[in-house]
Each structure stands twice: as C-alpha cells, then as structure tokens.
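The values are calculated or read from the model by the stated rules, or taken from the named source; none is laboratory data. Computed from a prediction, not measured in an experiment: that's the story for all the values here. Please note: Cβ atoms are built from the backbone with ideal geometry, for glycine as well, and neighbour counts cover all protein chains shown.
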C-alpha cells in the first residue's frame, strides 16, 4: 500500500457513512497522529500505521461488531446498495486500495497504542473515567440504601433535564448534519474527476465508445479544457503500461462528450447498452 498523505481537500479526511454509522478512514487518524507527533511520529508511513492498528489484540472483535470496517472497491460494487459516485473519490484518493474505517469506539482503542500526545491524553482520560465509574459502582454495591437514593436522584435529575437535553441534542445534531452534508458536497464536487475509461465504465457505454477511441476522446476533452480554462488532472491508473491518465470533471463530459461522440460516430444520444432495445 502506498504511503498516502491526504491533502486538505482529500475525501479521505471527511466522515464516511456506512450502514447507518459514521466512520473515519485510517488515513484521517494517521494524519492527526503525524500532526500531533514530533517529526511526524514513529509510524510515519501509513502502511506502518495500519500494521499497528491490526496488532490491537481485540482487532477481530472490533471488526466483528462493526467498529472497524475493511472495505474494498469490489465489495462496494458487489453489495449494490451504495452510490458509487460518492465512494469513487475515496478509493481513487487511496490508489484503489482497500479502506480501513473506524468509528469512535475503535478510535478509543487505537489511542491506547499510539505515542503522540493527543492519543496519550485521550487514553489517560478514558481510563480515569472508567476507573472512577468502577470505584463508584463498588461503593454503591456495599450500601444498597445509598444506591436506592442515588437512583431516585438520578431519576429526578433525568426528568428535569430531559426536555432541554433532547432539544439541545436535536439542534446540535441538525447543525452537525447540515455542516457535514455541505462539507461532503463540497468535497465530492471537487473530486468528481474521471478518466475516459472510468466514465465509460460507470455509465455502461462500452458498446458506443470502444477502448481504441479512449485516447482520441481524452485528447479532445483536454483541448476543450485548455480552450475554456477548465482545470483537469492526472489520475493514477493500474494494470497499464503507463502510470496515469488525464481525468476530467464530470461537467466536462456533460458539455463536450456528446458532441465528440456525434462527430466521430454519428451518435446523437448516450444510451446504456441495456436500454438499447427498450
């Protein structure tokens, strides 16, 4: 796995929603680890960071209960219930390698194994809170009458703050959801760049655009971008004699691809193969 250093705009640093839970990528936690460690930390490479993560004794248990996910691009496509356009930038930024996703529970477990100051503080705080809770529980177990008083007091307090607490939580969740959606939308919009091969594959247009025409199409779109001052990118590809190909924003395909297709093949409309005989 290459040593990826996500940039500020990288989708690898944004929250990832999966099966109703919110996760963050191992690249996200690796970048925070490096930022909080002198000279980039002991686990400077993302590969070493992931190896450390997998050495957690209860790693398989966390995977089993969904706190840690190991997700591949083929799995996402096979499950058939995800928006591929929202996942494609993640895997593209990760060089199409599998992603390791962690929720808050897994993050807390990971903090016990890291040597940066932020993780040490998190681990100490969590252990201290757990110890205090255990001490309080042991004391109450020795005095049943005190336990009953505490339970009654907790019920009164819970009743008093329930309405305000629920309202505050709901308002906070709504704000966070709105901000997260806006952030995700901006990140997704900035990452919707596809090579010609990717665009043809995702839209099932192989019957209209053969592989032999990919280079000509890419050259046309590149000249279109240069003429109109539209940015394009180089995107890493695998399994080919070259390392990268030009990637163009999805809006470029919407504007310039149909015209090129019409001029080259006298095709007026982009129609997926399965719809040709409808």
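A few points about this structure:
- The residues of the stretch 49-71 that are in contact with a strand residue (DSSP E or B) (Cβ under 8 Å, 6 or more places away or on another chain) and within 24 Å of residue 87 (Cα to Cα), listed by number, are 50, 53, 62, 63, 66, 67, 68, 69, 70, 71.
- Screening the stretch 37-89 for helices (runs of 4 or more DSSP H) wholly inside it with 1 or more residues that are over 23 Å from residue 238 (Cβ atoms) returns the ranges 46-54, 59-64.
- Residue selected from the stretch 232-242 under the condition in a loop (DSSP other than H, G, I, E, B) and either in contact with a strand residue (DSSP E or B) (Cβ under 6 Å, 6 or more places away or on another chain) or modelled with pLDDT of 90 or more (or both), by the criterion nearest to residue 211 (Cα to Cα): 237
- Taken residue by residue, the stretch 93-104 has at least one member that is assigned to a helix (DSSP H, G or I), farther than 24 Å from residue 198 by Cβ and either at pLDDT below 85 or in the same structural domain as residue 204 (by TED's automatic domain parsing) (or both).
- Residue within the stretch 243-259 that is out of contact with any strand residue (DSSP E or B) (no Cβ under 7 Å at 6 or more places or on another chain) and modelled with pLDDT under 85 present: no
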